[in-house]
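Every number here is computed from the coordinates shown, using simple stated rules; none is lab data. Just so you know, these numbers come straight off a predicted model, no measurement behind them. Glycine gets a Cβ as well: all are built from the backbone with ideal geometry, and neighbour counts include every protein chain shown.
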Amino acid sequence: MKKNDYYYFLAKKKGYVSRAAFKLIQINERFYIIKRGYVVLDLGASPGGWSQVARKLVGDHGRVIAVDLNPLRIRGVEFVRGDIFSDDVVNRIRALVNEVDVIISDMAPKISGVSSWDHARSMELAGRAEEMARIFLKEGGHMVVKVFQGDMMRGFVRKLNKEFDLVKVHKPKASKPNSSETYIICKRFIRNDENGGSVGDYELKRKEEGNNKVK
Ligand SMILES: C[S@@+](CC[C@H](N)C(=O)[O-])C[C@H]1O[C@@H](n2cnc3c(N)ncnc32)[C@H](O)[C@@H]1O
């Protein structure tokens, strides 16, 4: 309900294109994910609140690369429009950048209202964000990923725990209490053979496994 939504009005007042901006602000205040000079990959970025926040945090020497199915126009943000599951999108990101310091994913499926279905779709998107980490994230880099809570979350967190030095589940104040969304904060990516080795190794592994389909 916009009528009583404090963050909706605050976003308008501060010039953010979405109230979601405050979720990233609050996450960053607590976990120090994005710093000056960083290169940030923002997945599911439209309309662009997170990109605006990331842009401010990285400053003039950093970069923000945003990806979404829907359009986005934020000054100083590089944009790749398309489906995160497509190899074409991966290639277009790669044409812009080899590796990134941080991946933030606020990707969400179209809500069906059936919570088990929405949870499953959200886990697919979160899983894809994790794949993007294996492709693009620097050793020691960080990731923030949204999920709709449900029974598959525990296994996902367990997987992330093997790939990152620190993993925390956190719901910022700006996230509506009645929403099942929450955020998984992952710090210090550990790049090793199990989670893809180098970017080149990962591509090879994917081909060997025949896991090259475009959804
Ligand atoms: C909650 S919105 C993101 C809000 C954004 N973080 C902000 O601050 O304005 C979720 C976004 O995920 C995007 N999305 C969902 N599935 C996607 C996919 N397969 N590839 C790319 N983007 C996707 C949607 O288009 C939508 O814009």
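Given R0 = 30 Å, the distance between the Cβ atoms of Thr182 and Glu99 translates into a calculated FRET efficiency of 0.65. Site pair Phe85 and Phe9 shows an inter-label distance of 4.1 nm when each label is modelled 7 Å from Cα along Cα→Cβ. A full extension of the chain between Ser112 and Val157 corresponds to an added length of 13.8 nm, given 0.36 nm per residue minus the alpha carbon distance.
Can you tell me what percent of all Cα-Cα pairs in the stretch 1-153 are more than 20 Å apart? For the stretch 1-153, the share of Cα pairs beyond 20 Å comes to 49 percent.
Computed from the C-beta positions of Arg92 and Lys56 and an R0 of 35 Å, the FRET efficiency is 0.90 to the nearest 0.05. Summary of packing: across the peptides 169-175, 51-57, 124-130, the per-residue average of other C-beta atoms within 10 Å ranks them, highest first, as 51-57, 124-130, 169-175.
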